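Presented below is the structure to which this report refers.
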Amino acid sequence: MAKRIPRKVRPRDVKAPKGYDSVWEYNLHQDFLKDWKHHWDTLKYVIPKTYEADFVKEFDGSVILIEAKGRFWDYAEYSKYIHIRDALPDNYELVFVFQKPNSPMPGAKLRKDKTKRSHAEWAELNGFRWFSEETLPKEWINEKD
């Protein structure tokens with residue numbers, strides 16, 4: 001597996017006055033934009049994305065989205081599911097079916113007991129229900145012909 005290339009650190013203008021990103025920004029505020037508020041407020045924004053669950057079924061007005069995971073590959077992959085969960089309507093639930101729930105998470109640190117956080121532990125910590133093939137609820141499984 002290829003290693004992720006670290007992000008380059010944005011250079012900081014060391015001569016910039018406190019609270020300003022650059023000397024140029026400071027000069028703008030002192031000259032052309034004197035009456036303007038500087039770094040006045042923060043705004044949250046969303047980058048629109050789409051998600052397609054692996055499996056979907058409705059039960060009594062609730063919609064269960066199943067994400068079948070052999071494993072997570074990196075932080076970007078597993079962190080997106082938290083954003084997906086937060087964007088779901090109230091009657092939707094994202095549930096994981098892990099092939100190997102006890103597999104360690106990518107980049108997980110070794111704990112004092114020499115174990116790493118597992119996929120199952122990550123799911124529980126982040127408020128997701130999860131199952132393995134062996135533990136899927138009976139009402140979710142089709143009878144074999």
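The values are calculated or read from the model by the stated rules, or taken from the named source; none is laboratory data. It should be emphasised that the depicted structure is a prediction, and the values quoted were computed from it without experimental measurement. As a convention, Cβ positions derive from the backbone with ideal geometry for all residues, glycine included, and neighbour counts pool all protein chains shown.
Kindly indicate whether any position in the range 19-31 is touching a helix residue (DSSP H, G or I) at 6+ places or on another chain (Cβ under 8 Å), more than 30 Å from L94 (Cα to Cα) and not hydroxyl-bearing (S, T, Y).
Initial filter on the range 19-31 (touching a helix residue (DSSP H, G or I) at 6+ places or on another chain (Cβ under 8 Å)): 20.
From what's left, more than 30 Å from L94 (Cα to Cα): 20.
From what's left, not hydroxyl-bearing (S, T, Y): none.
Checked against the condition, which is being touching a helix residue (DSSP H, G or I) at 6+ places or on another chain (Cβ under 8 Å), more than 30 Å from L94 (Cα to Cα) and not hydroxyl-bearing (S, T, Y), the range 19-31 yields no hits at all.
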request  = Might you check whether a residue that is under 30 Å from W73 (Cβ atoms) and not assigned by TED's automatic domain parsing to the domain that holds Y75 occurs anywhere in the range 10-28?
outcome  = yes
query = Can you pull out the strands (runs of 3 or more DSSP E) entirely within the range 27-130 that have at least 2 residues that are at pLDDT 95 or above, touching a Leu at 6+ places or on another chain (Cβ under 8 Å) and surrounded by 12 or more Cβ atoms within 10 Å (Cβ to Cβ)?
reply = 62-69, 92-98
query = Which residue pairs have Cβ atoms closer than 7 Å, lie 6 or more positions apart in sequence or on different chains, and pair a first residue in the range 30-52 that is within 30 Å of Y81 (Cβ to Cβ) with a second residue that is of a type outside the set (G, A, S) and surrounded by 10 or more Cβ atoms within 10 Å (Cβ to Cβ)?
reply = Y51/I84
